[in-house]
Amino acid sequence: MMMNGNTSLLKQITSGSRSAFFLLPLYLVLGDSTPLFAKPPIDSEIVSTGQTSQRYNIINIEVEVSDWQNTPLDKNEINKVLSIMESKRDHPYFPHILDKDLKKISQSYEVVSSALKESSKGYTLQLSVRKRQRISEIVFEGSKQLSSKLFTDLPVASGDLYDRASVLSAQRKLIDIYRKKGYSSVSISHTLQPSIKQGQVDLRFDIQEGVFSAITQVNFIGISKNDASQLRKNLITRERTFFRYLTSTGGWYVEEGLEHDLLSITRAMQAKGYVDAVVDPRIESTDTGLKITFYVTPGPQYFLGNFVVDLALSDYPFTDRQVLQIAQFKKGSVYSPEELALGSERLATFLGIKGYTAARVSITPRIDEADPQKVDLHFTVISGEKSHVGLVHFSGNHVTKPRVVLHELLLVPGGVLDTKALSVSEKRLLNTQLFSKVHITTRDSEQPLDDLKNYKDIVVDLEEKDGVGKFAFSFGASSTDLGYIAFEIAEPNFNSQGFSQIPRKGISALRGNGEYISAKVNISQKSLLHDIKWTYPYLFESPWTFSLKLDKGNHREQASYDLNRQGITLQFFHSPRSHSQISLYTSLRHDTVKIRAPESDAVTDAIRDQENFNGPKATIGTGYQIQKIDHPIFPTRGLRSKSDLALSRILNKNITYAHLSQESSLYI
């Protein structure tokens, strides 16, 4: 079992006071579940110390109370409502108190409307409420095909006070029950009626069941069996099967679903070149359900003919052949309106990568007069002026330093403005896990670096996560250990350079530089393991990341042997490509195995070999990792490969050896 909670490791503790240091141990234990000090509501500040301003007083409270038939009730009911409220006449007005009053009132009354009118003298509060009636009986009118015994576990029952939200929820559940039984066109409403019991009402559900609409057959006429099989995969309108009945995943007629299928079939036919395809659905009612037939008239199939390219470029050598290659059009291939739009998008994206952010691309289809089944394409490409990066503006990074943001941007001032790099930069910033929202836009530069180029400033709008740190606690058991408990505390936005600023800024000075620091402790009956890790990205403003890890562990296997480990590891790594990583590392360790009972079954050959290598050991190595997978935690496709080559020397025995490891996983 594991419990995780996001914490703001250093942000919540203090806002600059040195005296807040004593809170840190308590914070490390409790995490960041709630703020230690909650700020009072802003509205409570309108009352100044001394005398309350008359302008913010409630000068009058007007209450109207009616029953479920909207008949006004007497003054006794009005007084009951007023007695519930903390807001009083000639008292100060506080929004949070009024909000609490409305919640209390809603337990016995339905709030129809509430209004607050302001005048020069103060506020007038107007409330209109309806007294909730107790439900005596629930009646299902119009339920002919289904037994009311199926209408169980509704969120409303006899004896409950009438609550509109609960009744509407029950209404939706009844509709779901009918649809699962094949009545997709069911319509249900509800009304209240007087009960024979004084002061209570009967809840009546009026049900119009409609026709039994389970789909027994879906057929295609006018196309091949292979095409029909491909189209069925994307249909919402499907035959009713036993599996779909159990899982409630379809099998009944829904008008919106049929409309979706008509559009899906039409697009699929157009993608095959049948631009004029017509799809006509026909529904036939049978004793067992509905039979739906799609009559497809494909019409003529169109192919690409000749290409005409008009280029208006500023300074980029763009040829007609390149235009066709980038748009991925080839003479004689199937003509598709969807591919036409994609080709235009590919050209605009390509020009955007080259810095032509204002490029305009249009592709006009024309029927070839000599061959009516061929479509000629007329390309018009206007590149416009190439854009360059001007200044970079930030907003929202109240804690995180600009250098952290700049390192994740793939654009530099003065360089070509690459539109693809903008979108990739957004993803990189989100992947830091420091920000909940990232939005990067461009605007005309207010201070261009020179007059010879078109400069665009980059605007990075950020929203920092409120509490990006992590405090985790877990416990469990295994076959080798009766139980263990583990603690981990981490801060991914640590600032190691902030120690000197603690006297001035407090502990909050230790956040904002994008460094990662964590501490782990694992305690079990047989072992005690703990480590501290610190990672500094972009060391000395280079693409390399530096990592330092200190670890120590003690393990005792009853009276058989003891294993003590401790060491320090330094690692440098960087990613030359998005799916690969190169690492260089060195470590100094001191591992000791002490065998107490050589004849014990717990003492394996590996343990005996380890005893021969007791002592300090120095290692230097390199690694290369490739990770092209569809998910970092639960991959289903792709390749994950890791290679390591290291050279180690046991210092007190002058033993040197090399070791090579290779680990690969292929997901298919």
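The values are calculated or read from the model by the stated rules, or taken from the named source; none is laboratory data. This structure is a prediction, so every number in the text was calculated from the model and none was measured. Cβ coordinates were reconstructed from backbone atoms using ideal geometry, including for glycine residues, and neighbour counts include every protein chain displayed. Areas reflect the complete protein model, heavy atoms only, side chains present, ligands, DNA and RNA absent. Shrake-Rupley method; radii C 1.70, N 1.55, O 1.52, S 1.80 Å.
Since only ILE326, SER148, PHE613 are under comparison, the one whose Cα sits farthest along the positive direction of the charge dipole of the chain, derived from C-beta charges on Lys, Arg, Asp and Glu, is PHE613.
Given the pairs LYS117/LYS465; LYS401/LYS456; LYS75/LYS117; LYS453/LYS628; LYS386/LYS427; LYS173/LYS291, which are separated by over 29 angstrom at their Cα positions?
Going by Cα-Cα distance, LYS117/LYS465; LYS453/LYS628 fall outside the 29 Å limit.
Checked against a 20 Å cut-off, the cross-linked pairs LYS100/LYS121; LYS144/LYS180; LYS330/LYS374 give Cα-Cα distances beyond that limit for LYS100/LYS121.
Note on surface exposure: THR286, THR293 rank THR286, THR293 by accessible area, highest first, 1.4 Å probe. Rolling a 1.4 Å probe over the heavy atoms of the protein chains gives region 168-260 an accessible area of 57 Å² per residue.
Placing a pseudo-label 7 Å from each Cα along the Cα-to-Cβ vector at SER147 and THR586 gives an inter-label distance of 8.2 nm. Extending 7 Å from Cα along the Cβ direction at ALA519 and again at GLN230 yields two label points whose distance is 6.2 nm. Nearest 0.05, what FRET efficiency do THR293 and GLU338 give at R0 = 45 Å with Cβ-Cβ as r? Between THR293 and GLU338 the formula returns 0.95. The phi-based Karplus calculation (6.51 cos²θ - 1.76 cosθ + 1.60; θ = phi - 60°) puts the 3J(HN,Hα) values of region 259-264 at 4, 4, 5, 4, 5, 5 Hz, whole numbers, x for Gly and Pro. Net length available on complete extension from ASP368 to GLN193 is 55.9 nm, with 0.36 nm assigned per residue and the Cα-Cα distance removed. Which shape class applies to region 588-668: rounded if a/c is under 1.5, otherwise prolate when a/b exceeds b/c and oblate if not, where a ≥ b ≥ c are the square roots of the Cα gyration tensor eigenvalues? Oblate.
Across the accessible surface of the chain, with the other protein chains kept in place and a 1.4 Å probe, carbon and sulfur atoms take up 54 percent. Exposure check, 1.4 Å probe, all protein chains in place: LEU324 carries approximately 40 Å² of accessible surface.
Taking label points 7 Å from Cα along the Cα-to-Cβ direction, GLN69 and GLU345 give a separation of 6.1 nm. 3J(HN,Hα) along region 139-147, derived from phi through the Karplus expression 6.51 cos²θ - 1.76 cosθ + 1.60 where θ = phi - 60°, amounts to 10, 10, 8, x, 7, 9, 7, 10, 7 Hz, with x in place of Gly and Pro. For GLN301, neighbours were defined as the other residues whose beta-carbon sits under 11 Å from its Cβ, and their charges (Lys and Arg +1, Asp and Glu -1) total +1.
Could you tell me which of rounded, prolate or oblate describes region 353-507, using a ≥ b ≥ c as the square roots of the eigenvalues of the alpha-carbon gyration tensor, with rounded for a/c under 1.5 and, failing that, prolate when a/b is larger than b/c and oblate otherwise?
oblate
If you take all other residues with their beta carbon under 12 Å from the beta carbon of VAL139, and give Lys and Arg +1 and Asp and Glu -1, the sum is -3. In order along region 376-391, phi translates into HN-Hα couplings of 8, 10, 10, 8, 10, 10, 10, 6, x, 8, 5, 9, 10, 7, x, 8 Hz, rounded to whole numbers, per the Karplus curve 6.51 cos²θ - 1.76 cosθ + 1.60 with θ = phi - 60° and x for Gly and Pro.
For SER643 and SER436, the FRET efficiency from 1/(1 + (r/R0)^6), where r spans their Cβ atoms and R0 equals 45 Å, is about 0.80. Under the rule a/c < 1.5 gives rounded, and otherwise a/b versus b/c splits prolate from oblate, where does region 468-509 land using the Cα gyration tensor? Prolate, because a/c is 1.5 or more and a/b exceeds b/c.
Ellipticity at 222 nm from helices only: DSSP H runs of n ≥ 4 in the chain, each -39500 (n - 2.57), divided by the residue count, give -6000 deg cm²/dmol.
Both radii come from the Cα set of region 299-363: Rg as radius of gyration, Rh as Kirkwood radius; their ratio Rg/Rh reads 1.00.
The chain has equivalent-ellipsoid semi-axes of 54, 48, 36 Å, by the square roots of 5 times the alpha carbon gyration tensor eigenvalues, sorted largest first. The Cα-based radius of gyration and maximum Cα-Cα distance (Dmax) for region 461-597 are 18.9, 64 Å. In this structure, VAL211 and GLU385 have a Cβ-Cβ separation that, at R0 = 60 Å, corresponds to a calculated FRET efficiency of about 0.40. Near SER587: Cβ cut-off under 15 Å, other residues only, Lys/Arg at +1 and Asp/Glu at -1. The net charge is +3.
If the chain between LYS88 and LEU548 were fully stretched, how many nm would it gain, using 0.36 nm times the residue separation less the Cα-Cα distance?
159.3 nm
Take each peptide in 68-77, 260-269, 135-144, count the other Cβ atoms within 10 Å of every residue, and average; sorted highest first, the result is 260-269, 135-144, 68-77.
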